[in-house]
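Let me begin by presenting the structure, written as structure tokens, before commenting on it.
Since every read-out is calculated from the coordinates, none of them should be taken as a lab result. Just so you know, these numbers come straight off a predicted model, no measurement behind them. Note: ideal-geometry Cβ built from the backbone for every residue, glycine included; neighbour counts use all protein chains shown.
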Amino acid sequence: MKIDRLLFIKCLFILFALGADFNLAKAQDTQTFTLKDLVQHAKDNSPEALRAKNRRENNYWQYRLFKSNYNPQLRLTGTIPQYSQEFNNVTQPDGSIVPIQVNQNVMDLGLGLEQVIGVTGGTVSVNTSTNRFDNFLSNPGEPQTRYSGVPVNVALQQPIFAYNRFKWDKRIEPLLYEESKREYVEEMEKVSIYVTGLYFEYLIAQVNSEIAATNLKNTNDIFAIEKRRNAMGVTPEDELLQIELQVLNAQQAMAEAQLSLESAAFTMNSFIGLNQSSKLNLISPENIPIFEVDVDRAIELAFQNRAEAIGYDRQRTQAASEVAMARGQRFQVLLNARYGYNNAAFNFPDIYQNPNTQALVSVGLSVPILDWGRNKARMSMAMANQELVENTVAQELINFEQQIFTKVKNFMMIKERLNVTRVSDDVAQRRYEIALKRYQTGNVSITNLNIAQNEKDSNKRDFYTSLRDFWVAYYELRALTLYDFENEELLYVPEKD
């Protein structure tokens, strides 16, 4: 008997341990998040955030490519080798054509250091090159190999009165890069806004599930009370059936609330990159930050920090660049100048002995005499587009300021409404608890109890809706100004590149 008791105790201990391990594993599958924790998790892991990071990296390398255009370029060119064995038709002085056998090889190498002149749009370079020619069918006694080359020369290529792409790129590309960096911060804040919506979609589904479970329990308790009263002849049969119908409706509401909770969890896990089997436990962010937002200050911050503010300057500059491009296409003048030395020899070292002077100056000209109004149309179109950009930007500036003004006012209104719904929720909850106790003692009818319950549920949902609106507006305000009003710090600080 004693052995059986010990065996029974051991079995209980094993079952308890297994149960504890199961509960521990179950607890590990459930992840608890606050709103700010989940927002940060989404910024670090969500596909949308990762795409924004990829775009930021692409913009960075595009800017690096632009900057490299203004650095010296050392370039090696050449052909190694160019061998040919064929018959070439050679025209003779009398007009006849004689096929001549060719068996030769040509090799050339060149090294040049090139630098863009950003102010003028020209290019200056320092070059050296060498060439080797091998004639494998040379006559006996004739040299088979010849060398030629340019020990050094300096070349300048300078467009005159032309569109200077380098000058305009130097004004536009830094604006584009700065705009892209601010857009990245804005995209991160948009991720915050979206995940906040998902957070409250799940949280409200979680609250609805808790409401449905509480209502189902209370309705079952009420049904049990009314069945006893019906047995005593106090509650009529039709009222009992009505309460039974309420039990069935509560069961249906419970099933719908559970389905909504699972659907919200699926959407949340997909967005933030969690496993679909992970269970979420979201903490209601009821402790809202206390700070005031001044409209003028918010507008000032938006113009100071937002990508759109940079974008307006960039649009104007691009429009001016198009006008300059149209003006530069009216006629084209190109100056080419080159000065240096060249030589030819049968031995490679002799190329650098007493080389000959090499000089070249040329001015190319292309001026349309009759273009049927093409230049005028091109110029007029560019100027009309510039005027359109100016007018569009002026209107966008007004809309931009109006948007900030509206969002700040809306935030202040939502904050006030949240305080009202918080009190209403507390009052409705206490009223229902009192009504339930009075119903249990027979001092309140089932109709009044149902009204109290509906008001309790309605005010609870209104409170969480207002809470959602507050936090969405909170992150919208951050995105619109790139400023954290709670901690009084900038979300983006320009860096010197």
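Quick notes
- Angle in degrees between helix 307-328 and the longest Cα principal axis of the chain, rounded to the nearest 10: 20 degrees
- Hydrodynamic radius (Kirkwood) for the chain, which is based on Cα pairs only, to one decimal in Å: 32.2 Å
- Dipole magnitude of the range 234-312 about its Cα centre (Cβ charges: Lys, Arg +1; Asp, Glu -1), debye to nearest 20: 580 debye
- When the range 119-247 is reduced to its Cα atoms, the Kirkwood hydrodynamic radius in Å: 25.3 Å
- Most to least packed among 320-332, 232-244, 375-387 [average Cβ atoms within 10 Å]: 320-332, 375-387, 232-244
- Cα-based Rg / Dmax (Å) for the range 200-256: 13.9, 47
- Short to long, the 5 Å bins of the Cα pair-distance histogram for the range 30-76 hold 5, 17, 14, 13, 12, 9, 8, 7, 6, 4, 2, 2, 0 percent of all pairs.
- Magnitude of the charge dipole for the chain, about its Cα centre and with charges confined to Cβ atoms of Lys, Arg (+1) and Asp, Glu (-1), is about 440 debye.
- Counting only lysines at least 8 places from K227 when in the same chain, those with an alpha carbon closer than 22 Å to its own are K217, K437.
- Taking every C-alpha pair closer than 8 Å and separated by at least 6 residues, the mean separation divided by the residue count of the range 300-450 gives a relative contact order of 21 percent.
- Gyration tensor verdict on the range 297-388 (Cα atoms; rounded if a/c is under 1.5, prolate if a/b is larger than b/c, oblate otherwise): oblate
- Per-selection metrics, the range 374-497 (Cα): Rg and Dmax in Å: 26.8, 95
- Peptides ranked, highest mean first, by Cβ atoms within 10 Å: ranges 360-368, 394-402, 268-276: 268-276, 394-402, 360-368
- Shape call, the range 327-438: gyration tensor on alpha carbons, a/c limit 1.5: oblate
- Proximal aspartates and glutamates relative to K279, as straight alpha-carbon distance under 14 Å, when same-chain residues fewer than 8 apart are discounted: D29, E262
- Projecting the Cα atoms of S125, N103, F485 onto the charge dipole of the chain (Cβ charges, centred on the Cα centre) puts N103 farthest toward the positive pole.
- Within the range 452-497, trypsin sites (Lys or Arg not before Pro) in DSSP loop having at most 10 other beta-carbon neighbours inside 10 Å: K496
- Packing-based order for 199-208, 281-290, using average beta carbon neighbours within 10 Å, highest first: 199-208, 281-290
- 15 Å Cα-Cα reach of K167 towards aspartates and glutamates, excluding residues that sit fewer than 8 places from it in its own chain: E322
- Efficiency of FRET between R171 and E300 - r from beta-carbon atoms, R0 22 angstrom, step 0.05: 0.30
- The chain: relative contact order as a whole-number percent, Cα under 8 Å and 6+ apart: 18 percent
- Projecting the Cα atoms of M325, T357, P289 onto the dipole axis of the range 221-374, where Lys and Arg carry +1 and Asp and Glu carry -1 at the beta carbon, places T357 farthest toward the positive end.
- Residue-span extension gain [Q85 to L259] - 0.36 nm each, minus C-alpha spacing: 54.5 nm
- Value of [θ]222 nm, deg cm²/dmol, for the chain, DSSP H segments ≥ 4, -39500 (n - 2.57) each, nearest 500: -22000 deg cm²/dmol
- Sparse packing (at most 12 other Cβ atoms within 10 Å of the Cβ) combined with a DSSP loop state is found for the following chymotrypsin sites (Phe, Trp or Tyr not before Pro) in the range 132-185: F136, F161.
- Taken about its Cα centre, the range 324-421 carries a charge dipole of about 260 debye when Lys and Arg each add +1 at the Cβ and Asp and Glu each add -1 at the Cβ.
- Taking a ≥ b ≥ c as the square roots of the eigenvalues of the alpha-carbon gyration tensor, the range 147-188 is classed oblate because a/c is 1.5 or more while a/b is no larger than b/c.
- Selected from S260, S278, V150, residue furthest toward positive end of dipole (the range 144-278; charges at beta carbon): V150
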